[in-house]
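Below you'll find the structure, written out as structure tokens, and then a few comments.
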Amino acid sequence: MTEEFIGNRPIRLLLHQSILAGTLAQAYIFSGPDGLGKKRLALNLARSLNCRAGSPGLYFCGQCSSCRKINTGNHPDVQVILPETKVFKIDQIRQLIQDIQFLPSEGNRRLFILEGAERMNEEAANSLLKTLEEPPTKSILVLLTTNFYALLPTIRSRCQIMKFMPIPTTELEDALVRYHDFTPGDAAKVARLAHGSLGAALELNLETVQELEDESFKLLRTMTLADDADFLEHLSRVAAHWKAETEQADLFANILISILREFIIMEVFKDRDHIVHFGRLETLRELRRSFQDDIVDELLIDLEGFYRRLKYNINAELGLQNLFLKHRSRILRRERYDSARRYQD
Ligand SMILES: [Zn+2]
């Protein structure tokens, strides 16, 4: 086990012990969202089984000719197979079935990693079934999938299943600082936006995060002020931005949610350690005062629902506008009511 692999320790331990005990399965399913290290762990398994340094269990040296060939994708006994089209072509699977029968040409075990295994159609999956029933002893097949239930039940039942879990935020934060040169502040922010995925954390562009965070703060600020023109102008600018760059819509919603969560965290924990946007603690505090508790809760619930629906190609621009208009009118109504009451008192 190399130290820099983070998260999913139970899976790593199980593989480690299976290698030591000689009880590795011949077919695995590694299932879970992108960015949790499924492919990397499958390759680590290939490295450790073929490492010439004789490292025990899931350990490998990373330096020997075998490890180096795997690093560069040139090991004759290790194959990563991707669908050539939207789904795997039957020919690709037939080729795999043929190749898997051969003995290793230079290593100890052959490893076949099928990426996006859910993209096998029924014909391809059925032809693979026979191989899974009588697997060749020197080959291991690892199916990687983000959609476990899209695999045929007959395939699922013939493989050992490893379900990858999101990496805990603190562990992710720690890894970003330790292995990827993040400052603690950036690591905290990115880790919370990445939902337990190291891959997603590393893909985030810090400048974009910063820019969208600025926009988010502005939007929340103008939302609480009486100036309609300013708010509407800002809202339509943000919405237009969402329409133009749909991928950023996702991140934008994510950042808005993280700011609102911070409002709640601020109430519970008074110390700075728990607050991610601590570079802007004052802005956050000031902004928090403009939102009534129930509005924070409801806006957060609405945004979270909206964030989930973004996956289904909804009209993000319109959705965002409606959501903010609704909550803004509630905030302003409440303010008018409060000041009227103050006047009466
Ligand atoms: Zn090695």
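Check off (1) more than 23 Å from the chain's Cα centre (by Cα); (2) buried (at least 19 other Cβ atoms within 10 Å of the Cβ) for residue 201 and give me the number that stays unchecked.
The single condition residue 201 does not satisfy is (1).
Considering only region 335-345, state which residues are part of a helix (DSSP H, G or I) and loosely packed, with under 14 Cβ neighbours inside 10 Å.
Within region 335-345, the first condition is being part of a helix (DSSP H, G or I), and the residues that meet it are 335-344.
Listed by number, the residues that qualify are 336, 337, 338, 339, 340, 341, 342, 343, 344.
Residues that are at pLDDT 90 or above and small (Gly, Ala, Ser), at least 1 per element: which helices (runs of 4 or more DSSP H) completely within region 140-206 meet that?
169-180, 184-193, 198-203
Any idea which residue in region 10-46 is farthest from the ligand (Cβ to nearest atom), counting only those that are of a type in the set (Ser, Thr, Tyr) and in contact with a helix residue (DSSP H, G or I) (Cβ under 9 Å, 6 or more places away or on another chain)?
Filtering first and then ranking leaves 31.
Does residue 147 meet the test of being under 17 Å from residue 29 (Cβ atoms) and away from the ligand (no atom under 13 Å from the Cβ)?
So residue 147 passes the test.
Out of all the residues in region 69-119, which are charged (D, E, K, R), within 16 Å of the ligand (Cβ to nearest atom) and in a strand (DSSP E or B)?
Going through region 69-119, the residues charged (D, E, K, R) turn out to be 69, 77, 84, 86, 89, 91, 94, 99, 106, 109-110, 115, 118-119.
Among the residues that remain, those that are also within 16 Å of the ligand (Cβ to nearest atom) are: 69, 77, 106, 109.
Across region 69-119, there are no qualifying residues.
If you scan region 47-68, which residues turn out to be within 18 Å of residue 4 (Cα to Cα), within 6 Å of the ligand (Cβ to nearest atom) and outside any loop (DSSP other than H, G, I, E, B)?
The one that is within 18 Å of residue 4 (Cα to Cα), within 6 Å of the ligand (Cβ to nearest atom) and outside any loop (DSSP other than H, G, I, E, B): 67.
For residue 260, work out the one condition from (1) surrounded by fewer than 16 Cβ atoms within 10 Å (Cβ to Cβ); (2) within 23 Å of the chain's Cα centre (by Cα); (3) aliphatic (A, V, I, L, M) it doesn't fulfil.
In the conditions (1) surrounded by fewer than 16 Cβ atoms within 10 Å (Cβ to Cβ); (2) within 23 Å of the chain's Cα centre (by Cα); (3) aliphatic (A, V, I, L, M), residue 260 misses (1) alone.
Quick one: what pairs do we get from region 58-73, first residue of a type outside the set (A, V, I, L, M), second in a helix (DSSP H, G or I) and within 6 Å of the ligand (Cβ to nearest atom), C-beta under 6 Å, 6+ apart or different chains?
Close Cβ pairs (under 6 Å, with a partner that is in a helix (DSSP H, G or I) and within 6 Å of the ligand (Cβ to nearest atom)) amount to 60/67; 61/67.
For region 276-313, give me the residue count where each residue is over 25 Å from residue 336 (Cβ atoms) and not β-branched (Val, Ile, Thr).
Result for region 276-313: 17.
The values are calculated or read from the model by the stated rules, or taken from the named source; none is laboratory data. The structure presented is a predicted model; accordingly, all values stated were derived computationally and were not measured. No Cβ is skipped: glycine too gets one built from the backbone with ideal geometry, and neighbour counts run over all protein chains shown.
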